[in-house]
Amino acid sequence: MEKVTLNVSGMSCGHCVKAIEGSVGELTGVESVKVHLETGKVDVEFNPSDVALSKIKETIDDQGYDVE
């Protein structure tokens, strides 16, 4: 398992948390995802042999948020 913390801008409410945690959490290979609204960070634990970090970032971007 690999654990990363991503900087995500544009998150402002509980809906944002649910949108990101729900969409990223559904990806095969993602073990856990936790949004920290107050700091604009998202912790993701995933198996890199099942899902690429680029796919996780793309999924967040597809929800309308900017991943740095």
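Filtered by the rule that a residue be part of a loop (DSSP other than H, G, I, E, B), open to solvent by 40 Å² or more (accessible area, probe 1.4 Å) and either in contact with a Gly (Cβ under 9 Å, 6 or more places away or on another chain) or of a type in the set (Phe, Trp, Tyr) (or both), region 1-29 gives a lone residue, GLY10.
For every residue, the table says whether it meets (1) of a type in the set (A, V, I, L, M); (2) out of contact with any Phe, Trp or Tyr (no Cβ under 9 Å at 6 or more places or on another chain).
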| position | (1), (2) |
| --- | --- |
| LYS3 | no, no |
| GLY14 | no, yes |
| ILE20 | yes, no |
| LEU27 | yes, no |
| GLU31 | no, no |
| LEU37 | yes, yes |
| ASN47 | no, yes |
| LEU53 | yes, no |
| THR59 | no, yes |
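For region 30-62, the tally of residues that are within 15 Å of HIS15 (Cα to Cα), in a loop (DSSP other than H, G, I, E, B) and open to solvent by less than 80 Å² (accessible area, probe 1.4 Å) stands at 2. A search for C-beta distances below 9 Å between a residue of region 1-20 that is closer than 16 Å to THR59 by Cα and in contact (Cβ under 8 Å) with a residue 24 or more places away in the chain and any residue that is open to solvent by less than 50 Å² (accessible area, probe 1.4 Å) and among the hydroxyl-bearing types (Ser, Thr, Tyr), counting only pairs 6+ apart in sequence or on different chains, returns VAL8/TYR65; SER9/TYR65; GLY10/TYR65; MET11/TYR65; CYS16/TYR65; ALA19/TYR65; ILE20/THR59; ILE20/TYR65.
The values are calculated or read from the model by the stated rules, or taken from the named source; none is laboratory data. Predicted model only: the values in this text are computed from it and were never measured. All Cβ positions, even for glycine, are placed from backbone atoms using ideal geometry, and neighbour counts span all protein chains on display. Note: accessible area is taken over every heavy atom of the protein model, side chains too, but ligands, DNA and RNA are not part of it. Shrake-Rupley method; radii C 1.70, N 1.55, O 1.52, S 1.80 Å.
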